[in-house]
Amino acid sequence: MKLLWIAAWLAASAVHAQTRWTLATGYGENSFHTTNIVRFASDVERLTGGALKVAVHPNNALVKLADIPQAVQDGRIQAGESIMTGMAKAFPIAGADAIPFVVGSYADAKRLWVLQRPLIERHFAQRGLKALYAVPWPPQGLYTRKPVASASDFKGTRMRTYNATTVRIAGLLGAIPVDVPMVEVNQALGSGRIDNMITSAVTGVENEAWRHIGYFHEINAWFPKNIVFVNRRAFDALSPLQQQSVLQASADAEARGWAASEAASKSSLRELQARGMKVERAPPEFEAALKRMGEKFSREWIRDVGHEANQLFVPYYFQR
Ligand code: PCA
């Protein structure tokens, strides 16, 4: 009898010792980012011997993408994933991700992240957040219904936007910016709510862009990153060993995520083509016009962000 009682007590305290984190993301469950988070969650559970369980809520379902950082900061949920460029109002240095035509490869993107991470961590700490890992989307290209001849083709068209850069580019092109969450792009293309958009090949595949749109131009504009973070108090409440496990799982998720992104970048381009889309470079004059817009955006960004922008880009350009 006594043994039974002890067994029951042990079981109850084991239940008690399990910590649960809720992690929200705005991206779909089939996104390579989400697959990676789910794997991260199972690694955390395994490495902590089941003491920490992370429940992943994808698809904008629990908290909307734009509200995730605040929800984690307030402790309404313990962890979340957001796109760094979408956090640029609160954390201007996160906007460095979408300065057009600065990062031209995964190696560049990595170099930028290594320099950016300490700055992000400092700002996150001030808001009670802790960065776990970041993973880039494949390079951003331009989807259009018709072949592009010049910048004036975009006047009055409806351009899908998802961050400050895409809004500014739409403005500079004379297009109408239409904010559409990634998980609604397919529907927005189908209903004609948007005519064109700047996003990755993988996002086009996820939204079956070929059903509605014929052209993908590889302009390689930027490599935006998603970042996974946790409420600082929730992290600090873990034992030192559990914290180590979370950091280990984070480092693994980061390495795995970058490889998955690069692989998805290639396979998605092939899929767009196989589904009948024309994948090509934009005409040189149009690319040159886009580059000028990019430079204008960079100047505005550096002016607005000031000192930290230099702290990031001076080493980025000079410490190769
Ligand atoms: N896909 C996301 C962000 C960048 C990308 O490639 C989107 O289109 O919203």
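Could you look at the chain and say what percent of its accessible area is carbon and sulfur, using a 1.4 Å probe and all protein chains? Carbon and sulfur: 56 percent of the exposed surface of the chain.
What the Cα convex hull of segment 182-320 gives, in volume per residue, is 193 Å³.
Of the residues 269, 241, 62, 119, the one with the largest accessible area comes first in the ranking 241, 62, 269, 119, computed with a 1.4 Å probe on protein heavy atoms. Here the average projected area of the convex hull drawn through the C-alpha atoms of segment 35-193 stands at 11.1 nm². Counting only protein heavy atoms and using a 1.4 Å probe, the accessible area of residue 184 comes to about 70 Å².
Taking 18 Å as the straight-line reach from the Cα of residue 278, the lysines in range (excluding those fewer than 8 positions away in the same chain) are 146, 266.
Taking a 1.4 Å probe, which of 215, 133 shows the most accessible area, and what order do the others take after it?
So the residues, ranked largest to smallest area, are 215, 133.
The alpha carbons of segment 129-196 give a radius of gyration and a Dmax of 13.9, 46 Å, in that order. Rg/Rh, computed from the Cα trace of the chain with Rh as the Kirkwood radius, has the value 1.03.
Please name which of 214, 140, 177 has its Cα lying farthest along the dipole of segment 114-221 towards the positive end, using unit charges on Cβ (Lys, Arg +1; Asp, Glu -1) and the Cα centre as origin. My answer, from the dipole projection, is 177. Of all beta bridges that DSSP places with both ends in the chain, some 55 percent have antiparallel geometry.
The values are calculated or read from the model by the stated rules, or taken from the named source; none is laboratory data. The shown structure was predicted, so the numbers you read here are calculated from the model rather than taken from an experiment. All Cβ positions, even for glycine, are placed from backbone atoms using ideal geometry, and neighbour counts span all protein chains on display. Ligands, DNA and RNA are excluded from the accessible area calculation, which covers all protein heavy atoms including side chains. Shrake-Rupley method; radii C 1.70, N 1.55, O 1.52, S 1.80 Å.
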